[in-house]
Structures are given as structure tokens and as C-alpha cells.
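For reference, the structure is listed below as C-alpha cells.
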Amino acid sequence: FGLEKPGRSGGFPNMACVGDFNVLSSSIPATKVELSVSCRNLLDRDTFSKSDPICVLYTQAIGNKEWREFGRTEVIDNTLNPDFVRKFIMDYFFEERENLRFDFYDVDSKSPNLSKHDFLGQMFCTLGEIVGSQGSRLQKAIVGIPGKKCGTVIVTAEELGCCRDSVLMQFCANKLDKKDFFGKSDPFLVFYRSNEDGSFTICHKTEVVKNTLNPVWQAFKISVRALCNGDYDRTIKVEVYDWDRDGSHDFIGEFTTSYRELSRGQSQFNVINPKKKGKKKKYVNSGTVTLLSFLIETEVSFLDYIKGGTQINFTVAIDFTASNGNPSQPTSLHYMNPYQLNAYGMALKAVGEIIQDYDSDKMFPALGFGARLPPDGRVSHEFALNGNPQNPYCHGIDGVMEAYYRSLKSVQLYGPTNFAPVINHVARYAASVKDGSQYFVLLIVTDGVISDMAQTKESIVNASRLPMSIIIVGVGPAEFDAMEELDGDVVRISSRGKFAERDIVQFVPFRDYIDRSGNHVLSMARLAKDVLAEIPEQFLSYMRVRGIKPSPAPPPYTPPIHVLQTQI
């Protein structure tokens with residue numbers, strides 16, 4: 001991780017390997033987060049002194065569930081309350097579930113083999129759980145040694161700022177060397193960032209300013225990642241050329257700087273031509289380049305809002321219409337198979353398990369539509385799955401699943417298939433908190449045969465002004481043309497001549513994800529990835545349009561250390 005290994009960790013390889021290429025995360029990561037690990041009150045395994053702890057992080061492959069070592073911290077001698085210096089830097093995707101395991105050992109020798117050291121316990125969590133905790137700071141008990149209190153671990157996630165800072169710069173030059181026989185020079189600048197191995201990669205070219213030795217170039221914007229890979233002290237090389245029509249541009253000279261130097265307002269640079277410098281004793285420079293302005297712009301990210309306390313509220317709506325087929329028959333989409341989840345159950349679980357990490361109370365309203373309810377058989381298009389209209393909340397995704405199966409046993413599948421009532425149900429809540437503190441996601445699972453298309457379109461157009469997104473998962477063999485139309489990816493949805501302010505609907509057909517080989521784990525991970533991938537952008541588009549900035553993160557809480565200790 002670019003840090004020297006402090007302490008006694010000489011024998012430990014830094015095993016933060018890239019791991020096998022993962023089909024699922026072949027997209028470019030939205031962002032990188034840095035995880036910091038601290039422990040309090042670890043087990044003491046050393047007789048004469050305190051433990052010498054190390055933390056080892058494992059990630060889990062999605063398909064075969066195999067744990068792979070991701071990396072290790074340094075060893076800190078003689079403490080039960082370590083604050084590890086070495087960080088873990090991980091790619092973060094909102095739409096993926098990244099299972100993590102932190103193992104702790106008391107290091108007794110130089111051997112990198114973990115079985116040679118005393119196990120101090122472990123902690124399991126997901127990356128989403130850390131990020132979704134208050135202030136992106138998760139505190140959890142260390143477990144794994146029966147009958148012993150193993151202490152607690154605190155993991156904090158910090159989004160790497162360099163991922164989203166960009167900088168707006170403008171340069172001019174004075175008295176550049178004249179290179180053209182008839183006129184003055186036609187200068188342009190080329191910027192390079194240096195790589196770890198000392199080589200250079202081009203990252204920006206300015207425009208050409210014709211026929212002048214004192215050019216002023218236009219301001220340009222470049223991401224800090226592209227300019228210096230986020231390393232503020234890394235060399236940036238700038239070359240000055242005289243443009244020639246035939247492409248054989250003449251080299252005027254060069255200078256080097258760094259992001260840190262530029263940001264501190266170092267403004268004038270001597271353009272040096274090494275060949276000339278070698279030949280002429282009195283050579284001073286081939287002109288100067290001046291930095292006129294330097295402005296850092298930070299894009300606010302989805303994680304800034306989550307860290308500032310914005311809650312994602314998740315609501316589920318399930319299609320209980322007769323077109324799904326009788327739940328007691330194996331051909332039904334609602335078939336209650338005692339041995340495996342039906343399509344509805346699988347879709348609920350896949351999406352819900354990821355979203356629940358961002359909802360602090362884990363209480364989800366679960367609604368049904370299109371059924372006749374006991375005792376009088378009235379048809380309802382927004383009923384509580386748990387049978388309690390005053391409080392339709394279920395605890396966790398497991399609670400939602402339980403209420404879904406209970407409803408199947410008590411209601412009668414009927415019709416018609418109306419979406420508007422459940423959309424309006426969530427919209428009423430979303431309309432009451434428009435300050436950016438909450439965002440609502442409605443998951444509709446349906447067989448896709450919709451009866452109230454006009455009303456649904458109107459509900460969606462109205463909801464597009466509210467802090468909410470709608471995910472529709474279509475199950476079964478039907479043609480989903482109507483659902484594709486609601487998705488609005490091809491043509492923005494409209495109602496009575498009014499267009500939706502933002503695209504808030506994402507539709508996917510469940511059948512595209514059924515894995516022929518029967519590996520539901522991988523196919524459900526793909527389903528969740530596709531339906532959730534658009535949520536952060538939809539979320540940000542609402543906040544941008546409304547001019548809502550993220551709240552500052554709450555101050556970090558550090559649990560007290562019982563004994564003051566010096567740490568190396």
C-alpha cells in the first residue's frame with residue numbers, strides 16, 4: 001500500500017494481490033475507499049507482556065464463496081489497543097455486496113505463516129455495512145474464541161479524495177525561444193505524470209497559440225487522478241513545443257513541478273532546453289511559463305451524503321394478481337417450494353440484502369397489490385404484507401420474506417394489476433422529506449401485465465420531482481414492452497405532455513438472470529448489480545437539481561482506552 005512496514009513485520013509479505021479477475025466487477029470502480037482498523041481490549045496471549053497484534057483482511061469470491069487474503073497491517077508490539085497505521089484500499093461499488101473478514105493474530109515470530117501465531121478472534125461484515133454506518137464507522141465485537149471476550153474492532157471507511165478532485169489551471173509564457181524562420185513560434189504545452197518506475201505518461205495537451213513568443217493558453221480542467229494519480233508530490237513534467245504543420249514539432253524546453261507546488265501558488269517556471277544549456281555558458285532559459293490560476297473543484301459523491309447521514313428507505317411491493325398462477329401449483333410464479341426460493345423470493349433477497357446496509361433501522365414497509373383480502377374479499381392495491389395497515393414495517397429482508405409467505409397463504413390472487421397506488425404510497429412519504437436527509441427506493445416485483453398504464457405514467461412523472469427511485473423486476477415469461485416503456489431509457493417517460501424531470505425507473509427481466517447451470521448466487525449478484533447500478537446517479541441528480549449539499553459527517557467517536565499506552 002505504498003507504506004513502509006513499521007515495527008517488526010519484516011517477514012510479512014504484503015499480500016494485497018489483485019486476486020482473480022472478477023467477471024462481476026469488470027466495470028471501472030466508482031470510487032476507492034480506505035479502511036482504517038483499530039481494536040480495543042484484545043485478548044492477551046503473551047505471558048510476560050501484552051499481545052503483538054496484526055490484522056489480516058480477507059474478501060470473499062461471489063461464486064464459490066472462497067475467502068482470499070487481501071492484505072495485512074503492520075504488527076504493533078505490546079498493546080491490546082492497536083490503531084493500525086497501514087490501511088486497506090478497496091474498490092467500492094454501491095451495487096455489489098462485498099463480504100469482508102478481519103482476522104486478528106498475536107505475532108510470536110518472524111514467520112509469515114499465520115498458523116504459527118496465536119489467533120485472537122475475527123469479525124465479519126460487508127463493505128456496505130461499514131460505509132452505511134453512522135459516519136462510515138463500524139464498531140463490532142470480535143468473535144471466534146468460545147467462552148472468551150475478544151474485545152471490539154472499529155473499522156472506518158474514508159473515500160479517497162483524489163478520486164473526485166479535479167483542478168482548473170491556466171498558464172501563459174514569456175519570451176519563448178523563436179523557432180520559426182519567418183514568423184514567431186506557435187507554442188503549445190504537453191503535460192506528463194510520472195509513473196512508479198520513473199517513466200512518464202502524457203495526460204494533457206493545450207491548444208496551439210499561433211505566432212507569438214508570449215502565449216496565453218485557455219484554462220483547462222483535469223482530474224487529479226490523471227495529473228498525478230492522487231500523489232501530490234509526484235513529479236509532473238511539462239514540455240513546451242513549437243507547432244509545425246508536418247507534425248515534426250520543435251522542442252523549446254521543459255520544466256518539472258508537482259501538484260503540491262502548483263497548489264501552493266508556485267507560479268513562475270524556467271523553461272530549460274538541456275542541449276542549449278550544455279552548449280552555452282551564459283544560458284539562463286528558453287523563456288518562462290507562469291501559472292495564472294489554480295482552482296480545485298471537488299465533485300460531491302454518493303458516499304458524501306451517506307456519510308453525512310442521509311438514509312436510504314427501502315419499500316417492497318409485490319404483485320399478487322391471478323396472472324401469476326395458483327401458488328399451490330409448481331407452474332405458479334408464487335409457488336411455495338419448500339426447498340428453494342421462487343422467483344419473487346430470489347429477486348427480493350438479491351436487491352434487499354444490498355440496500356439494507358444503508359438503512360439504519362432495517363425496518364422495511366412491505367406491500368402487496370392486486371389481491372382479495374380476508375375476511376370480506378375486498379380487492380386491494382396497497383395492502384400490508386404483515387396484515388397491519390397502521391404499521392406495514394418488517395424487520396430486515398428476512399422479515400419481508402416471512403410476511404410475503406404468510407400473505408400467500410391468506411389472500412386470494414386477483415386483479416387488476418395497478419402500480420399507481422403503491423408508487424403514490426411511497427411518493428407521499430418522499431414528499432414530506434425533501435431536504436436530502438432521506439431517499440426512497442421502491443422495489444416492485446411483478447409479472448408485468450399492467451392495467452393502469454396511464455395512471456402509472458402520471459405517478460412516475462410526479463415522483464420524478466421527489467427523492468425517490470423505482471426498481472421494477474419482471475418475473476415470468478410475459479412480454480415486458482410496457483415495463484420497458486416505463487424504464488424511460490430510450491424515450492423519457494411523459495404524461496399529458498409533461499416529461500419526467502429525471503429518469504427514476506430501472507427495469508430488468510428476471511429471466512435474463514436465471515443461470516442455466518443452477519448457480520443462483522452468481523446470477524442474483526448480477527441481477528442486483530444491474531438494478532442498483534443506476535441508483536447513486538439518480539440520487540445525485542435529485543440532490544444536484546435541488547442544490548442540496550451533503551451534511552458534514554458526525555465527529556469520529558473514539559472509545560476510551562483504559563490504560564494510556566505509548567505506541568510505536
Study note, to complete from the structure: Looking across segment 346-377 at residues that are assigned to a strand (DSSP E or B) and farther than 18 Å from M468 by Cα, the single one that is most open to solvent (accessible area, probe 1.4 Å) is R372
Check your understanding: What are the residue pairs meeting all of these: first residue in segment 394-405, first residue closer than 12 Å to G345 by Cα and touching a residue at least 60 places away in the same chain (Cβ under 8 Å), second residue surrounded by fewer than 22 Cβ atoms within 10 Å (Cβ to Cβ) and among the hydroxyl-bearing types (S, T, Y), Cβ atoms under 9 Å, and 6 or more apart or on different chains?
Key -> none
Practice item. Scan segment 357-370 for residues that are within 18 Å of I444 (Cα to Cα) and touching an Asp or Glu at 6+ places or on another chain (Cβ under 9 Å) and jot them down. Key: L367, G368, F369, G370
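How many of the residues in segment 112-136 are assigned to a strand (DSSP E or B), touching a Phe, Trp or Tyr at 6+ places or on another chain (Cβ under 7 Å) and open to solvent by 20 Å² or more (accessible area, probe 1.4 Å)? So that I can check it myself, show each step before the final result.
Just the residues of segment 112-136 that are assigned to a strand (DSSP E or B), to begin with: 118-126.
When the remaining residues are screened for being touching a Phe, Trp or Tyr at 6+ places or on another chain (Cβ under 7 Å), the result is 118-123.
If we keep only those that are open to solvent by 20 Å² or more (accessible area, probe 1.4 Å) as well, we get 118-119, 122.
Qualifying residue count, segment 112-136: 3.
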Revision key, fill the gap. Of those in segment 445-469 that are among the polar types (S, T, N, Q) and not in a helix (DSSP H, G or I), the residue farthest from D512 (Cα to Cα) is S464
Point to revise | Within segment 232-276, considering residues that are part of a loop (DSSP other than H, G, I, E, B), among the acidic types (D, E) and out of contact with any Ser or Thr (no Cβ under 8 Å at 6 or more places or on another chain), the one farthest from M169 (Cα to Cα) | key: D246
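On the given criteria, is D83 among the acidic types (D, E) and over 30 Å from the mean Cα position of the chain (by Cα)?
Details: among the acidic types (D, E): yes; over 30 Å from the mean Cα position of the chain (by Cα): no.
So D83 fails the test.
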Review point. Checking L442 against (1) open to solvent by less than 10 Å² (accessible area, probe 1.4 Å); (2) in a helix (DSSP H, G or I); (3) not polar (S, T, N, Q), which test does it fail?
Key: (2)
Point to revise | Of residues in segment 137-176 being assigned to a loop (DSSP other than H, G, I, E, B) and β-branched (V, I, T), the one most open to solvent (accessible area, probe 1.4 Å) | key: I145
Point to revise | segment 196-231 - residue that is polar (S, T, N, Q) and part of a strand (DSSP E or B) and, of those, surrounded by the fewest Cβ atoms within 10 Å (Cβ to Cβ) | key: T201
Study note, to complete from the structure: The residue that is farthest from F191 (Cα to Cα), considering only those in segment 264-285 that are surrounded by 15 or more Cβ atoms within 10 Å (Cβ to Cβ) and out of contact with any Leu (no Cβ under 6 Å at 6 or more places or on another chain), is N285
Check your understanding: Within segment 240-260, is there a residue that is within 22 Å of F294 (Cα to Cα), assigned by the TED database to the domain that holds S185, touching a residue at least 40 places away in the same chain (Cβ under 8 Å) and open to solvent by 40 Å² or more (accessible area, probe 1.4 Å)?
Key -> no
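Report whether or not D530 is open to solvent by 50 Å² or more (accessible area, probe 1.4 Å) and either in a loop (DSSP other than H, G, I, E, B) or in contact with a strand residue (DSSP E or B) (Cβ under 9 Å, 6 or more places away or on another chain) (or both).
So D530 fits the description; yes.
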Check your understanding: Which residues, taken from segment 298-334, are of a type in the set (S, T, N, Q) and either touching a residue at least 24 places away in the same chain (Cβ under 8 Å) or assigned to a strand (DSSP E or B) (or both)?
Key -> T298, S301, T310, Q311, N313, T315, T321, S323, N324, N326
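Quick grid of which residues meet (1) modelled with pLDDT of 95 or more; (2) assigned to a helix (DSSP H, G or I); (3) basic (K, R); (4) at positive phi:
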{"site": "M336", "(1), (2), (3), (4)": "no, no, no, no"}
{"site": "Y339", "(1), (2), (3), (4)": "no, no, no, no"}
{"site": "E402", "(1), (2), (3), (4)": "yes, yes, no, no"}
{"site": "P421", "(1), (2), (3), (4)": "yes, yes, no, no"}
{"site": "N424", "(1), (2), (3), (4)": "yes, yes, no, no"}
{"site": "K434", "(1), (2), (3), (4)": "no, no, yes, no"}
Exercise for review: With respect to R86, determine if the residue is open to solvent by less than 40 Å² (accessible area, probe 1.4 Å), in a loop (DSSP other than H, G, I, E, B), of a type outside the set (S, T, N, Q) and in the same structural domain as L57 (by the TED database).
Suggested key: yes
Revision key, fill the gap. With criteria (1) more than 25 Å from the chain's Cα centre (by Cα); (2) open to solvent by 10 Å² or more (accessible area, probe 1.4 Å); (3) within 23 Å of N391 (Cα to Cα), P477 comes up short on (3)
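How about segment 28-48: which of its residues are polar (S, T, N, Q) and either open to solvent by 50 Å² or more (accessible area, probe 1.4 Å) or at pLDDT 85 or above (or both)?
First, the residues of segment 28-48 that are polar (S, T, N, Q): 31, 36, 38, 41, 47.
S36, S38, N41, T47, listed by residue number.
The values are calculated or read from the model by the stated rules, or taken from the named source; none is laboratory data. Source: prediction; values computed, not measured. Heads up, the Cβs are rebuilt from the backbone with ideal geometry, glycines too, and the neighbour counts pull from every protein chain shown. We work out accessible area using only protein heavy atoms, side chains counted, and drop any ligands, DNA or RNA first. Shrake-Rupley method; radii C 1.70, N 1.55, O 1.52, S 1.80 Å.
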